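J.: Quick one: this structure, given as structure tokens, is what I'll be asking you about.
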Amino acid sequence: YKVLALLDPIDEEQETADVYIHVTYIKKWDICAGDAILKSLGGQLTTLRGEQIDYSGTEGNNGGLLASIKTDHKAL
């Protein structure tokens, strides 16, 4: 698995990525903390359609997700 380049890893052999795509169902509580951290660092996390994740209502996110940092999120 690749890790978003949010923090500089201590291990120089650790691979990093600026984009992460998740296409299956995921529970919102599994992504909310990462979303907050990503946003605080200038990144974005949306559904695959570019919509903000709505953390109210149902417990799951069926729209997949796209997380990015250091890139044009809308272009993706």
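J.: What FRET efficiency would be calculated for the residue pair Thr24, Asp54, taking the C-beta separation as r and a Förster radius of 22 Å, to the nearest 0.05?
T.: Approximately 0.75, to the nearest 0.05.
J.: What does the charge count around Gly57 come to, taking other residues whose C-beta lies under 15 Å from its C-beta (Lys +1, Arg +1, Asp -1, Glu -1)?
T.: Net of charged neighbours comes to -1.
Only the coordinates and a few stated rules stand behind these numbers; no lab work does. No experiment lies behind these values; they were computed from the predicted model shown. All Cβ positions, even for glycine, are placed from backbone atoms using ideal geometry, and neighbour counts span all protein chains on display.
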